[in-house]
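In what follows, a single structure is set out as structure tokens and then discussed.
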There are 2 protein chains.
Amino acid sequence: MDNDKYKLLIVDDEEDILEFLGYSLKREGFQVFTASNGKDGISKAKKEIPHLIIMDVMMPEMDGISAVEEIRNNKSLDETLIVFLTARSEDYSQIAGFEAGADDYIAKPIKPKVLISRVKALLRRSLKKDSGKIVVVGNLVIDQEKFEVLLDGKKIILPKKEFKLLKLLAASPNKVFTREEIFVKVWGDDVIVGDRTIDVHVRKIREKIGDNLIKTVKGIGYKLEN
Amino acid sequence: MDNDKYKLLIVDDEEDILEFLGYSLKREGFQVFTASNGKDGISKAKKEIPHLIIMDVMMPEMDGISAVEEIRNNKSLDETLIVFLTARSEDYSQIAGFEAGADDYIAKPIKPKVLISRVKALLRRSLKKDSGKIVVVGNLVIDQEKFEVLLDGKKIILPKKEFKLLKLLAASPNKVFTREEIFVKVWGDDVIVGDRTIDVHVRKIREKIGDNLIKTVKGIGYKLEN
DNA sequence: ATTTTAGATTAAGAAATTGTTAAATCACCA
DNA sequence: TGGTGATTTAACAATTTCTTAATCTAAAAT
């Protein structure tokens, strides 16, 4: 798996643990950042916008829960996953942690294997959408990085506009995009083009990927069905 | 928090646990439904369209995983969160439940406080985005984003005006909407159309969703009964 | 019981929206 | 600069949705 595109931030005041966990996770290919107290954790989080934060509950100065509360107040860290490290069997901190906005907890002492599979599971569940590749149905794959579309594993070339349009629809399958929305997101706010332009592009895409995937919702717009 | 707007379904074969969990969650204000086996769980899920289902993995007759697989096949339950209850110490990355479409697991024995905070965490995280769904009764779901209506989990296509009209009624079930109100909200303040136009639209909707849901209130208007 | 009124039903044509095609324009690159 | 493919326009066809009008039905009022 391409773990290298995930940023993890570990916040713990014990150097040993920090190093130990950092080492384990780096070996799996993750980009690892560390901080040894709550304040530093917050500032690193704001700077790096990690995908997942592993945070010790008990720390001197600022405890993990307060730190998480502050992190959750930051809009750009809205989607960031947070995992608490707690001493075994402390129910109390688990609860407070969830209230503060944590997504999971792991009890100490930590076994690296457990940590890793847990981290992977969380990432898989929550971030599966924006992984560059969008899979719409088994036979349609859109690779945003490579700028290509695969239909039944066969590469299909789409010109820029068609690609953008298809990508937009595919990013939220089944969602109906109004013509307005499509204009704004594909053509841009300022560009003014005729009414039939979208239709023509849709038609061209349909010619290439078949007529079944893009559905017309008359009076509203288009959607990519899944 | 307004926990009362969330429906939870607990499925477990042990009466004790069912009661115990149900009690704890009700105390928090959630609407709680229970089922003591997989089959019953599925039918209750289809009827109530809960926001979250707590399901024991090990049950006689139909195990939790099979039940979840079936639940995931129902379109109206697409967004429902599913939490598994598992025996202690099974490393959760190994559990087939995730494959089946579960969103989390909780190990037995269950501490109510942990359960509650976990449930809250899941609801908080997952349901803040897709507030576009209106559920009227178990068998009628209106999805504004997808512009589709599900009747018993089966998709129904409505043209724009019909959709708007049904959505309006569904947004406040049991409220009677006057013709005036309907004209203003569906057709707009300026458009002038004949008196029978609404009737015809109502008729078309009834053709598609059945005659029972939309009631005529003679002399006043229409309402969607629940 | 009869009349009155509001709503139900139906089908037809009007209106709105999208599909299709070909040709014109644009943008980029050898 | 000419050529190539991408993009847009324009005209018309096809389709779907909306509205109307005429007739029918059922409930309320007299």
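The values are calculated or read from the model by the stated rules, or taken from the named source; none is laboratory data. Values in this document were obtained by computation on a predicted structure and should not be read as measured data. We place every Cβ from the backbone using ideal geometry, glycine too, and count neighbours over all the protein chains shown.
Restricting attention to the stretch A:48-64, the residues that are buried (at least 22 other Cβ atoms within 10 Å of the Cβ) and in a helix (DSSP H, G or I) total 1. The single condition among (1) away from chain A (no Cβ under 14 Å); (2) away from DNA strand C (no atom under 12 Å from the Cβ); (3) outside any loop (DSSP other than H, G, I, E, B) that residue B:141 does not satisfy is (1). In this structure, residue A:149 does not qualify as part of a strand (DSSP E or B), touching a residue at least 24 places away in the same chain (Cβ under 8 Å), away from DNA strand D (no atom under 16 Å from the Cβ) and crowded, with 18+ Cβ neighbours inside 10 Å. Checking A:65, A:17, A:71, A:42 one by one, the residue that is out of contact with any Cys (no Cβ under 9 Å at 6 or more places or on another chain) and modelled with pLDDT of 90 or more is A:42 and no other.
All but one of (1) within 14 Å of chain A (Cβ to nearest Cβ); (2) among the acidic types (Asp, Glu); (3) more than 16 Å from DNA strand C (Cβ to nearest atom) hold for residue B:162; state the number of the condition that does not hold. Checking residue B:162 against (1) within 14 Å of chain A (Cβ to nearest Cβ); (2) among the acidic types (Asp, Glu); (3) more than 16 Å from DNA strand C (Cβ to nearest atom), the one that fails is (3).
From B:154, B:175, grab the single residue that is away from DNA strand D (no atom under 16 Å from the Cβ), more than 17 Å from residue B:221 (Cα to Cα), surrounded by fewer than 19 Cβ atoms within 10 Å (Cβ to Cβ) and not aromatic (Phe, Trp, Tyr). Spell out how you get there, then give the answer.
Numbers: B:175 fails: more than 17 Å from residue B:221 (Cα to Cα).
Of B:154, B:175, the one residue that is away from DNA strand D (no atom under 16 Å from the Cβ), more than 17 Å from residue B:221 (Cα to Cα), surrounded by fewer than 19 Cβ atoms within 10 Å (Cβ to Cβ) and not aromatic (Phe, Trp, Tyr) is B:154.
Could you list, in sequence order, all residues of the stretch A:1-21 that are assigned to a helix (DSSP H, G or I) and under 17 Å from residue A:117 (Cβ atoms)? Can you show your working first?
Keep residues of the stretch A:1-21 that are assigned to a helix (DSSP H, G or I), which gives A:3-5, A:15-21.
Within the stretch A:1-21, A:3, A:20, A:21 qualify.
Scanning the stretch B:156-178 for residues that are in a helix (DSSP H, G or I) and of a type outside the set (Asp, Glu) turns up B:160, B:161, B:163, B:164, B:165, B:166, B:167, B:168, B:169, B:170, B:171. Looking at (1) within 11 Å of chain B (Cβ to nearest Cβ); (2) crowded, with 17+ Cβ neighbours inside 10 Å, which is the one condition that is false for residue A:226? Among (1) within 11 Å of chain B (Cβ to nearest Cβ); (2) crowded, with 17+ Cβ neighbours inside 10 Å, the lone unmet condition for residue A:226 is (2).
Residue-by-condition table, conditions (1) more than 12 Å from chain B (Cβ to nearest Cβ); (2) in contact with a Phe, Trp or Tyr (Cβ under 9 Å, 6 or more places away or on another chain); (3) modelled with pLDDT under 75:
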{"residue": "A:91", "(1), (2), (3)": "no, no, yes"}
{"residue": "A:94", "(1), (2), (3)": "no, yes, yes"}
{"residue": "A:98", "(1), (2), (3)": "no, yes, yes"}
{"residue": "A:102", "(1), (2), (3)": "no, yes, no"}
{"residue": "A:117", "(1), (2), (3)": "no, yes, no"}
{"residue": "A:126", "(1), (2), (3)": "no, no, yes"}
{"residue": "A:147", "(1), (2), (3)": "yes, yes, no"}
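Taking the stretch B:217-226 only, how many residues are out of contact with any Asp or Glu (no Cβ under 8 Å at 6 or more places or on another chain), farther than 20 Å from residue B:149 by Cα and either more than 7 Å from DNA strand C (Cβ to nearest atom) or assigned to a strand (DSSP E or B) (or both)?
Step one: list which residues in the stretch B:217-226 are out of contact with any Asp or Glu (no Cβ under 8 Å at 6 or more places or on another chain), which gives B:217-220, B:222-226.
Still in the list and also farther than 20 Å from residue B:149 by Cα: B:217-220.
Next cut, either more than 7 Å from DNA strand C (Cβ to nearest atom) or assigned to a strand (DSSP E or B) (or both) only: B:217.
Matching residues across the stretch B:217-226 total 1.
Scanning the stretch B:167-193 for residues that are within 14 Å of another protein chain (Cβ to nearest Cβ) and either within 11 Å of DNA strand C (Cβ to nearest atom) or of a type in the set (Phe, Trp, Tyr) (or both) yields a total of 1.
For the stretch A:194-202, the criterion of being in a loop (DSSP other than H, G, I, E, B) and away from chain B (no Cβ under 14 Å) is met by at least one residue.
Could you please let me know if residue B:211 is surrounded by 13 or more Cβ atoms within 10 Å (Cβ to Cβ), away from chain A (no Cβ under 14 Å) and near DNA strand C (Cβ under 10 Å from one of its atoms)? Break it down stepwise before answering.
Values: surrounded by 13 or more Cβ atoms within 10 Å (Cβ to Cβ): no; away from chain A (no Cβ under 14 Å): yes; near DNA strand C (Cβ under 10 Å from one of its atoms): yes.
Criteria not met by residue B:211.
Filtering the stretch A:204-216 to residues that are more than 9 Å from DNA strand D (Cβ to nearest atom) and either part of a helix (DSSP H, G or I) or aliphatic (A, V, I, L, M) (or both) leaves A:205, A:206, A:207, A:208, A:209, A:213, A:214.
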